[in-house]
Amino acid sequence: MSAPHPLTPEQVTAFYDAHRTVRLYRTQPDGSPLPLPEAHLEAILHAAQRAPTDATAQLYSLIRLTRPEVRAQAAALTNNAHLATASEAFVVCADVRRTARVLELSGRAAGHWPAVAVHFGLGDAVMAGTNLLTAAELLGYQGCWIGGVLNGLDGLLDLLKLPPGVLPFAALTLGLPAEAPPQRPRVPRPLVIHTDEYRDATPEQLQEAVAVMNPIAARGDKPGDWARLLGAYFGVGGGMEGREPHLVAALKRQGLWAGGEEEGTRRPAQPEPTGENAG
Ligand SMILES: Cc1cc2nc3c(=O)[nH]c(=O)nc-3n(C[C@H](O)[C@H](O)[C@H](O)COP(=O)(O)O)c2cc1C
């Protein structure tokens, strides 16, 4: 059976063209979150649960953040203030604990597969979160994924009381936009869509991609430099190197580390990028 009312290709393209990451939301006059109508909340949670899932397991959990003090602490731990003010805020987690408990309850021992847990747990979590955000966008909201959870992972495990087998992937906020950002660019399609076999981009194609992407790094009237931004995240001494030991520690703490005891412990202490695009 196909979709009840198939959209035209133009309508689908227009819908995805309207996507914007939004970090400033409309609030109540006192600055507290504007609640979603119950039917809207129900529809987006339903969408999250309709996501396909590996091996039928649904290896994810979403922690819905409602209490102002929990929202505020999550905002501080992740350096993303909109976690406190968005209409809805979630922490999207891989979760293999529930599956292990079902096995236990039925008298079966859970196997040892920490790498597979991370692989399919994060996959399931992303699919549920993406369904949720897309449903919200269909209802007229916008949102923001927050990879900044890696800035305060240990604190977040404590705050949300996440047991072994559960690992945050990212947070997700959504609400009615109180800002109108421009559409942000993407690299030219041949760099990400390959046909039949992987093809490395040529240096010219990479240069073209950088030129296309530069506006995403512009701040005010300062022109953007995407390669510089990528360097701040992924370069030597960049934010991702700073996050690496914290993620390894969290994987170990949650029983999801598949490497040896000594691996992954190098500790480059570097500042992490914050603010717009801090993700
Ligand atoms: C996994 C993930 C993590 C992200 N983390 C953050 C973040 O911590 N803070 C933030 O402001 N934006 C974050 N973003 C939003 C990206 O910066 C944004 O999607 C990107 O710049 C493209 O913009 P667009 O979504 O408006 O097209 C994240 C996005 C993703 C998918």
If I ask for residues that are more than 15 Å from the ligand (Cβ to nearest atom) and either farther than 16 Å from Ala100 by Cβ or among the aliphatic types (A, V, I, L, M) (or both), which ones from segment 120-154 would you list?
Ala135, Leu138, Leu139, Gly140, Asp154
State whether the residues of segment 196-219 include one that is of a type in the set (A, V, I, L, M), in contact with a Lys or Arg (Cβ under 9 Å, 6 or more places away or on another chain) and surrounded by fewer than 12 Cβ atoms within 10 Å (Cβ to Cβ).
no
Scan Ala75, Ala94 and give me the residue that is without any contact (Cβ under 8 Å) to a residue 40 or more places away in the chain, more than 25 Å from Asp17 (Cβ to Cβ), surrounded by 16 or more Cβ atoms within 10 Å (Cβ to Cβ) and within 17 Å of the chain's Cα centre (by Cα).
Ala75
Over segment 4-34, the set of residues loosely packed, with under 13 Cβ neighbours inside 10 Å and in contact (Cβ under 8 Å) with a residue 12 or more places away in the chain is Asp17, Ala18, Gly31, Ser32
Complete set of residues in segment 177-224 that are of a type in the set (Asp, Glu) and modelled with pLDDT under 95:
Asp221
Could you please find all residues in segment 161-182 being within 25 Å of His40 (Cα to Cα) and not small (Gly, Ala, Ser)?
Pro168, Phe169, Leu172, Thr173, Leu174, Leu176, Pro177, Glu179, Pro181
Top-ranked residue in segment 171-195 [being of a type in the set (Gly, Ala, Ser) and part of a loop (DSSP other than H, G, I, E, B); ranked as surrounded by the fewest Cβ atoms within 10 Å (Cβ to Cβ)]:
Ala180
Scanning segment 117-139 for residues that are small (Gly, Ala, Ser) and surrounded by fewer than 20 Cβ atoms within 10 Å (Cβ to Cβ) gives Gly123, Ala135
Could you please let me know if Arg199 is more than 16 Å from the ligand (Cβ to nearest atom) and not in a helix (DSSP H, G or I)?
yes
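The values are calculated or read from the model by the stated rules, or taken from the named source; none is laboratory data. Nothing here was measured: the structure is a model prediction, and the numbers come from that model. As a convention, Cβ positions derive from the backbone with ideal geometry for all residues, glycine included, and neighbour counts pool all protein chains shown.
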